[in-house]
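Heads up, the thing below is written out as structure tokens.
What follows is calculated from the coordinates using simple rules that are stated; it is not laboratory data. Quick caveat, the model's predicted, so the values are computed rather than measured. Counting neighbours? That spans all protein chains shown, and the Cβs are built from the backbone with ideal geometry, glycine included.
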Amino acid sequence: MIAKLKGTVDSVDLDSAVIDVGGVGYLVAASSRTLRDLVPGGAVTVLVETIVREDAIALFGFLQAAERDWFRILTTVQGVGAKVALSILSTLAPDEIARAIAAQDRATLSRPAGVGPKLAARLATELKDKAAAFGVAPAGKASDVQATPAAGSLNEDAVSALVNLGYKRVEAFGAVARVTQRLGSDAKLDAVIRAGLQELSR
């Protein structure tokens, strides 16, 4: 099982790259996010997920461990194959996926090609617990993922109020999560909404 390739970028295509390791070229499928950072002729170390099928052995490459981990998580969901998982990773960064799932933001999850409303709903539901557990949110924003407004009706009401004022649900979720962590669980709804608006206007 191939887990990592260290060599030279031989060529880059629309959805894959060839990595030359000691004269042997490995065809590696990857997200557009990863392919953008690969320069032909440049040295590279690629993390690899190997998938063995009846008719082929496919290699999927990642420059970040977080992206590889999310590829593994996404492909556990029914209806998400390797191609759809790469489409999701091409559209959304790992921390964006985590925040969208934690916020139950189905609109964001349905943005990638190949993900319809039903699959977005399944991703939001089935991966809700894993979003926080994997800790892929950037430093300083872990509370966006770990604090879950759905846990309390006051927080959910605050998120709904901000959404009604025109903010995206994932933005409102993050703002309320940060505000409630700062103000404490005893904060009143109007105070949370006001602080959330200040947070979003920065």
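Brief remarks on what is shown
- Cα coordinate range in segment 65-139, projected on the principal axes (Å, largest first): 30, 22, 19
- Normalised convex hull volume, segment 4-63, alpha-carbon set, Å³ per residue: 76
- The simple Förster model, with R0 at 35 Å and r as the Cβ-Cβ distance, assigns LEU197 and VAL39 a FRET efficiency of 0.20.
- A simple rule links phi to the HN-Hα coupling: the Karplus curve 6.51 cos²θ - 1.76 cosθ + 1.60 with θ = phi - 60°, which for segment 76-89 gives 7, 7, 4, x, 10, x, 4, 5, 5, 4, 5, 5, 5, 6 Hz, with x for Gly and Pro.
- Relative exposure of LEU92, LEU27, judged by other C-beta atoms within 10 Å (fewest first): LEU27, LEU92
- 3J(HN,Hα) along segment 33-42: 4, 6, 4, 4, 8, 9, 10, x, x, x Hz, from the Karplus curve 6.51 cos²θ - 1.76 cosθ + 1.60 with θ = phi - 60°, whole Hz, x for Gly and Pro.
- Cα-projected label distance for ASN164 with GLN78, points at 7 Å along beta-carbon direction, nm: 3.6
- Label positions at ALA3 and SER32, each projected 7 Å from the Cα along the C-beta direction, are separated by 3.2 nm.
- Helix-only CD estimate at 222 nm, as mean residue ellipticity for the chain, using -39500 (n - 2.57) per DSSP H run (n ≥ 4): -13500 deg cm²/dmol
- Linear extension gain, LYS128 paired with ALA187, 0.36 nm per residue minus alpha-carbon span: 18.7 nm
- Residues SER11, SER201 arranged by fewest to most Cβ contacts within 10 Å: SER201, SER11
- Rg and Dmax, both from the Cα atoms of segment 147-202 and both in Å, are 9.5, 26.
- Ordering ASP157, ASP69 from the fewest to the most neighbouring beta carbons within 10 Å gives ASP157, ASP69.
- Dipole axis of segment 1-136 (+1 Lys, Arg; -1 Asp, Glu on Cβ), positive-most option in LEU63, VAL24, ILE73: ILE73
- Label-point separation, GLU54 to LYS118 (7 Å along Cα→Cβ), nm: 2.4
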